[in-house]
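The values are calculated or read from the model by the stated rules, or taken from the named source; none is laboratory data. As the structure is a computational prediction, the values presented were derived from the model and not from experiment. Here the Cβ positions follow ideal geometry from the backbone for every residue, glycine too, while neighbour counts run over all protein chains shown. Protein only, heavy atoms only, side chains kept; ligands, DNA and RNA dropped before computing areas. Shrake-Rupley method; radii C 1.70, N 1.55, O 1.52, S 1.80 Å.
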Amino acid sequence: MTSLWKRLRSIFTHPKRDLEAVQFSLGDRDPRQTSAAPPELRKPPDPDGADKGEPIPEDLDKAVERLAAILHYPLSQDLVFREITLPTRPTARARVIYYEGLAESRRVEREIIEPLMRFPLTNKTPKDRLPDVFLESILPSGSSRRAQSMEQLVTGITLGEAAILIETGVACLADVKEPPSRAPEPPITERTTRGPQMAFVESHRTNSAMIRRFVHDPDLVLEGYEVGRRQKTPVALLYISDIANPKLVAEVRQRVRSLDVDGITAIGILEQLIEDHPVSLIPTMLNTERPDRAALHLLQGSVVLLSDGTPRCLIAPVTFSTFLHSTEDVYQRYPYANFLRVVRLLASFVALLAPAIYIATLNYHSEMLPHLLLLTLESARQTIALPLVVSVVIMEVAFELVREAGVRVPAAIAPTIGIVGALLIGDMAVRANFVSPATIIVVAATGLANFAVPDQAASFAIRIGRFIFIALAGVLGFLGIALGFYVLATHLAGLRSFGVPFLAPIGPWRPGSADVILRDPYWRQELRPSFLRPLDLFRLTRRSRAWDPGLESAPSRPESGGQEKTAGDEQERGE
């Protein structure tokens, strides 16, 4: 058996792991371009790339020549080199370099070139003071800064800034960005009937402004980072400094800053790089497109990650109950919100277990059904040529195909796909005796229940897990379902999201949270989630409804600087 396994492994893997021996259709590849190469070789082999800390040549012609080599000019047609002559005594040459489309040409003319042409400099200005004179007196842009190295110049240009080089040795960057963007639109995947109708856009600065629109707190901190050795994608880390646990913030900051990749183009890639369990079906970070939902989690003590180019954000840490919640729950009266949460919880179980229970009942435990119902189901199966497990799997796969086709096709013909799929699945399959009408009903109910799951990642996990439970039920019946449920519960109990147990506050039990499966009225949610260990545990007291004489009075919130307790202190004593 061991020799057979070694033989199979040798077929799919290179026996000697020799990087230079790997052949490609275009010839041999440099080992520095392979993912298995050591870190010191995983660098661009191009000698024209800007090294870290490379100084900017004082000679203008050499500096321009170096920049042109790094940015592949004139091969890159969207790169603009503007040469101007400054009205100084004596005159001086200057170059303005930017990418057309990323930088706004009108702002370059108005904020850089025109001020340079109108402000004469005399040779009495000290050479070491020229950068300060340009930044303070000439360039009106508030984000202008002096460039210290060639790497800073290249990074600024690729991010949409304009580089200004003058033969007197001045090198500056001016923020004149105008990246392609769009106005905020209503959410697509997280629609609600109540609450704000606004979703994130591709600009992370616009997204952070949306969050600040909901969180008017001076303690809301935004830390900016650049992820990637080549792309240098802007990433923002948001948290409320006097609520979020410093250890949580430090952990997220360390994971983001330690990434060693070429770059990221979407927030989903960042999620895969920093999540705790990247191969698990269960998501351990919340991906949302709603700024109001991000604001609510910030006020609880979570952290938010934004990435430029993605109209979504990441929220961490999360627990299992987070994926059953909807933003609309906060805006509804609590009896309505609790009813919807019960419906979602039941829908999750139906979407995960309904086909498996159907198969196990008819194949192994038919005595559990009433006699008339059993006769009805068995009579419908008499003419079915396929086994029950195969019929259910075929219908589930067909349903997934119709759903995927409805997402990928143009919006104008998406309803047609649904109608055609319903006719093929619901009518032709029964007429051809591939499946029974009961099987159609079970699969349709399962699909509808899956749509009731509010989070897309949790919905994917349920869809994949459903096929696993179908296989277990087909082999072992209810024993297989029980075994699968035990493995699932054990797996959930072992998951953590940035140090927080995934089943918290139920396992381990953390008292004090009034918003888990069901929620209390908002005026009773006095404490923030204790499993997040926030610095400020209290968010309101019962005196929030001080006008109501029927409510029991409660002590007011402790003053800052007194004997206020935090969730971290209580849990550390309990542990």
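The amide H of Val303, built 1.01 Å from its N in the peptide plane, has Ala316 as neighbours under 5 Å, considering only residues 5 or more places off or on other chains.
Relative to one another, the C-alpha centroids of the stretch 307-376 and the stretch 488-523 are positioned 17 Å apart. Computed across the stretch 342-399, the Kirkwood radius stands at 12.8 Å (inverse of mean 1/r, all Cα pairs). Remark: the Arg118-Asn338 segment gains 72.6 nm on full extension, using 0.36 nm per residue and subtracting the alpha carbon distance.
Thr490 to Ser258: extension gain in nm, 0.36 nm per residue of separation minus the Cα-Cα distance?
80.4 nm
Annotation: peptides 436-447, 529-540, ranked by per-residue average of other Cβ atoms within 10 Å with the highest first, follow the order 529-540, 436-447. Annotation: amide H of Val176 within the under-5 Å range of Ala162, sequence separation 5 or more or interchain, hydrogens built in the peptide plane.
Largest accessible area first, the residues Lys177, Lys232, Lys62, Lys247 order themselves as Lys247, Lys62, Lys177, Lys232 under a 1.4 Å probe with ligands, DNA and RNA left out. Running Debye on the stretch 173-229 with equal point scatterers at the Cα sites and no solvent, what base-10 log of I(q)/I(0) appears at q = 0.28 Å⁻¹? Relative scattering, expressed as log10 I(q)/I(0), comes to -1.22.
Derived scalar couplings between HN and Hα for the stretch 382-399 equal 5, 9, 7, 7, 9, x, 4, 4, 5, 4, 5, 5, 4, 5, 5, 5, 5, 5 Hz in order, rounded to whole Hz, by the Karplus curve 6.51 cos²θ - 1.76 cosθ + 1.60 (θ = phi - 60°), x for Gly and Pro.
Shown is the FRET efficiency for Leu75 and Ile188, computed with R0 = 60 Å from the Cβ-Cβ distance and rounded to the nearest 0.05: 0.95.
In the stretch 298-367, inverting the average of 1/r over every pair of distinct C-alpha atoms gives 15.5 Å as the Kirkwood radius. Note on Ser149 and Ala432: the model spin-label points, each 7 Å out from Cα along the C-beta direction, lie 6.4 nm apart.
Counted by Cβ distance under 14 Å from Arg253, the other residues give a net charge of 0, where Lys and Arg count +1 and Asp and Glu count -1. Under a Cβ-Cβ cut-off of 10 Å, what is the net charge of the residues other than Gly263 that fall near it, where Lys and Arg count +1 and Asp and Glu count -1? Neighbourhood net charge equals +1. A Förster radius of 56 Å combined with the Cβ-Cβ distance from Lys247 to Leu369 puts the calculated FRET efficiency at roughly 0.55. What FRET efficiency do you get for Val221 and Val475 if R0 is 56 Å and r is their Cβ-Cβ distance, rounded to the nearest 0.05? Calculated transfer efficiency: 0.60. Only protein heavy atoms count here; under a 1.4 Å probe, Met117 has an accessible surface of about 90 Å². Within the set of other residues whose C-beta is less than 15 Å from the C-beta of Leu388, count the net charge using Lys and Arg as +1 and Asp and Glu as -1. So the environment of Leu388 carries a net charge of -1.
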